[in-house]
Amino acid sequence: MLYMIGLGLGDAKDITVKGLEVLRRCSRVYLEAYTSVLTVGKEVLEEFYGRKLILADREEVEQEANNILKDADISDVAFLVVGDPFGATTHSDLILRATKLGIPYRVIHNASIMNAVGCCGLQLYRFGETVSVVFWTDTWRPESFFDKVKKNRQNGMHTLCLLDIKVKEQSLENLLKGRKIYEPPRYMSVNQAAQQLLEIVQNQRIRGEEPAVTEETLCVGLARVGAEDQKIAAGTLQQMCTVDLGGPLHSLIITGGSLHPLEMEMLSLFSIPESSSESQSIDGL
């Protein structure tokens, strides 16, 4: 059996009792280590789980999945995913591969950022399509996801922006030369995402388009959701460029315009203090 086990969002103790019982009896236990991270390292997980973990990076999961599935038809293999197992399409692919090989599977769910964002007070059923915001480079500055943000706002829906994670990435030079040299991990912050969004807004204005989002659009920044030092800040997109939410992982929500009174009241708990006369309070948005 292949077991896909969600670990939740915080630390080692966020795994479910069912998930912990299962992984402790598996012959091999893999830890997916590139779509998200916990607030604790592999060694802490190993100590709490009582098992050695095999790190599975993007290359192994996407290109050498057969290594993970080896002997899973005659023994139990666990694949651990931060959040919920279906938070990334890669994990669906692993299940499809297992099914084609005649290997049964079982999924043990857990909390993910997709539902945990409700901690800020915005109502989950008022969210539209989720988007990913990637790190820009000198030659690649995609804006296409912004169409989904626009559509969500036109429908009065909030947009959850999942921010880029770069783990075990190679530079173009090392990739072309086949050198297994990897760049240091990078995690996009709310500040970086907001700055890129504002640049897209400016680009749309230059092109004569009416941007669906402006500097004064109400947004919510979240950091380390599910951890004891979780942080939430609500304010304008402009304010998101400078708010200090600390270390990773960060997420950003672009609100859908008109808010329910309960949403407004909840967001007021996380309002960024006004730092200038140009800033608006949440009550004024």
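Key figures
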quantity	calculated
Count - residues of segment 71-96 that are in contact with a helix residue (DSSP H, G or I) (Cβ under 8 Å, 6 or more places away or on another chain) and open to solvent by 40 Å² or more (accessible area, probe 1.4 Å)	5
Residue within segment 10-32 that is open to solvent by 30 Å² or more (accessible area, probe 1.4 Å) and under 22 Å from S132 (Cβ atoms) present	no
D84 being farther than 22 Å from L45 by Cα, of a type in the set (D, E) and in contact (Cβ under 8 Å) with a residue 24 or more places away in the chain	no
Among (1) at pLDDT 95 or above; (2) within 17 Å of L237 (Cβ to Cβ); (3) of a type in the set (A, V, I, L, M, F, W, C), the one test that L124 misses	(2)
Within segment 97-126, considering residues that are free of Cβ contacts under 8 Å to residues at least 60 places away in the same chain and within 30 Å of L269 (Cβ to Cβ), the one least open to solvent (accessible area, probe 1.4 Å)	G118
Residue check, I68 closer than 20 Å to T99 by Cα, under 25 Å from the mean Cα position of the chain (by Cα), open to solvent by less than 20 Å² (accessible area, probe 1.4 Å) and of a type in the set (A, V, I, L, M, F, W, C)	yes
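The values are calculated or read from the model by the stated rules, or taken from the named source; none is laboratory data. Source: prediction; values computed, not measured. Positions of Cβ are backbone-derived with ideal geometry, glycine not excepted, and every protein chain shown enters the neighbour counts. Please note that ligands, DNA and RNA were not included when accessible areas were found on the heavy atoms of the full protein model with its side chains. Shrake-Rupley method; radii C 1.70, N 1.55, O 1.52, S 1.80 Å.
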